[in-house]
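These notes are about the structure you will find just below.
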2 protein chains.
Amino acid sequence: MTDTDNNSLPERKRGSGVKMVYDLLRDEILDLVLPPGSPIDEVQLAERFKLSRTPIREALVRLAGEGLIDTLPNRSTMVSNIDFLNLHTFFEALVLMYRVTTRLAAQNHRPEDLPVIRGFHEDYAAAVQSRDALAMIATNAAFHAAIAEAGRNPYFTGLFRRLLDEGRRILRLYYQSYEEQFPQRFVDEHAEIIAAIEARDVEVADRLGKAHAEQIVEQVQKLFTRANKLDIAL
Amino acid sequence: MTDTDNNSLPERKRGSGVKMVYDLLRDEILDLVLPPGSPIDEVQLAERFKLSRTPIREALVRLAGEGLIDTLPNRSTMVSNIDFLNLHTFFEALVLMYRVTTRLAAQNHRPEDLPVIRGFHEDYAAAVQSRDALAMIATNAAFHAAIAEAGRNPYFTGLFRRLLDEGRRILRLYYQSYEEQFPQRFVDEHAEIIAAIEARDVEVADRLGKAHAEQIVEQVQKLFTRANKLDIAL
DNA sequence: TGTATTTTATTTGTCGACAAGAAACATACA
DNA sequence: TGTATGTTTCTTGTCGACAAATAAAATACA
């Protein structure tokens, strides 16, 4: 592509190359800078980062482990596709993780967790205010990830983070074409969730988490069906 | 170690080395042949498999991605430890996944799934019959993994498989010292679960899955506290 | 004897190069 | 014209070697 990004990498420390490539590629995949199906060329990446293929390869193996890229043996490797036919399994898992993590946060959170959560809450509110759809996606994910962390179950947070990542891709796909936005309502719901967590009201937190998740899923599905009606070529 | 396993690998195909190393190391870790904390030496493995360090490294990166080994940068890499202090989060996640996968199996299974599930059910019954604790662990995990597959939600099956793997390590740890066994009761419960799945009775499947999981967790926790009383050095 | 500093050794991270596999292309043959 | 075979090209998988980072050992010094 263009060689406009070969600045800002004059010196790197020993183990940092892999992480840099991994982080950057991951972001580019989740932000659809590299849309699903994009070919990933090791040599090209090696030149771009001025590294040998070895650390590039390690980053790719990690991305493949998270299902973000698909590797055909001895052939090409490309950004993994979004499985629209099984989106319902994604929503199913997402709703459950919303519930569980919110519930556990109400149960297990520590005082120091709340400022962090509130911080992302305000970021999200600001994004809604300024109608920045992409910032909404990011801050919403960060908000719920912080809640999950406060729930302190690494197995759930691990799955939840992956689901939020995948959701980032899916949402960005739609928000590219349709200037939709998460309504103010979600901000209010976030506030309610925080209150339930702070009050350690497990059942309310569970219920709110579930309702909130279903709101979001419904919103996305609405976008989805609308998109399907417009461009039939899928 | 001993050089008694350098037979049976005269010819390998191009992409097969990594998978072989990955599979074998994974098994050795889960079977506690490589107990938690064991050092992993790349050069040693390279000699053992008669490969260069590159494919070994790739296998290790994948194992690290699944949390089976820990890598200290620029220093050693070793089999990851079992976090006994947070076992409750493991049980928590395990019980939920038992429930969800059983419930979804009742909802989504196809006719061809049942023979597979029944097959593992019989394997497990045979293991109980012959009082082979290690076979019980393996067949029980395979049984529930098959149910999860029939549920057809890859996000849940992915997490569940990881949990079952971790459980394999934990159980094997205890069964090394204490010749306990899963009672016949679990066999009967498995039969009930199959019946509920076949009848597509979602609620009963959910309830049975939960009860079954809690049985198992209770059993393991009993072993755990007993072990703690005996060897205090932990 | 105990602590600080230098030296050695071991292990990891990175590199450039080469060979295998598969796809794309070209050629021969009916 | 269409199929089959051979060739080329491109990408990946693997290798051996080297350099950096750290730990261990050795040495100097109080």
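The values are calculated or read from the model by the stated rules, or taken from the named source; none is laboratory data. Because the structure is a prediction, the values reported are computed rather than measured. Methodologically, a virtual Cβ is constructed for each residue, glycine included, from the backbone with ideal geometry; neighbour enumeration extends over all protein chains shown. Just so you know, the surface numbers come from the protein's heavy atoms only, side chains and all, with ligands and any DNA or RNA stripped out. Shrake-Rupley method; radii C 1.70, N 1.55, O 1.52, S 1.80 Å.
Points to keep in mind about this one:
- Residue match in segment A:103-120 (condition: under 16 Å from the mean Cα position of the chain (by Cα) and within 14 Å of chain B (Cβ to nearest Cβ)): no
- Criterion (under 16 Å from residue A:198 (Cα atoms) and not polar (S, T, N, Q)) met by exactly one of A:141, A:146: A:146
- Qualifying residues in segment A:107-128 (those that are touching a residue at least 24 places away in the same chain (Cβ under 8 Å) and charged (D, E, K, R)) - the one surrounded by the fewest Cβ atoms within 10 Å (Cβ to Cβ): A:110
- Taking segment B:129-156 as the range and being over 23 Å from residue A:162 (Cα atoms), more than 15 Å from the chain's Cα centre (by Cα) and open to solvent by less than 70 Å² (accessible area, probe 1.4 Å) as the test, only B:132 passes.
- A single entry from B:85, B:30, B:68, B:96 fulfils the requirement of being modelled with pLDDT under 95, under 20 Å from residue A:155 (Cα atoms), away from DNA strand D (no atom under 16 Å from the Cβ) and open to solvent by less than 70 Å² (accessible area, probe 1.4 Å): B:30.
- Residues that are within 15 Å of DNA strand C (Cβ to nearest atom) and open to solvent by 50 Å² or more (accessible area, probe 1.4 Å), drawn from segment A:13-27: A:13, A:14, A:15, A:19, A:20, A:23, A:24
- Subset of segment A:40-84 [part of a loop (DSSP other than H, G, I, E, B) and more than 11 Å from chain B (Cβ to nearest Cβ)]: A:40, A:41, A:50, A:51, A:52, A:68, A:76, A:80, A:81, A:82
- Flag: residue B:166 matches the condition of being within 24 Å of residue B:28 (Cβ to Cβ), within 13 Å of chain A (Cβ to nearest Cβ) and away from DNA strand C (no atom under 16 Å from the Cβ).
- Pairs where the first residue, in segment B:188-207, is open to solvent by 40 Å² or more (accessible area, probe 1.4 Å) and the second is of a type in the set (Phe, Trp, Tyr), C-beta under 8 Å, 6+ apart: none
- Considering each residue of segment A:54-61 in turn, none proves to be away from DNA strand C (no atom under 15 Å from the Cβ), touching a helix residue (DSSP H, G or I) at 6+ places or on another chain (Cβ under 7 Å) and not assigned by TED's automatic domain parsing to the domain that holds residue A:137.
- Checked against (1) within 16 Å of DNA strand C (Cβ to nearest atom); (2) touching a Phe, Trp or Tyr at 6+ places or on another chain (Cβ under 6 Å), residue A:93 meets all criteria but (1).
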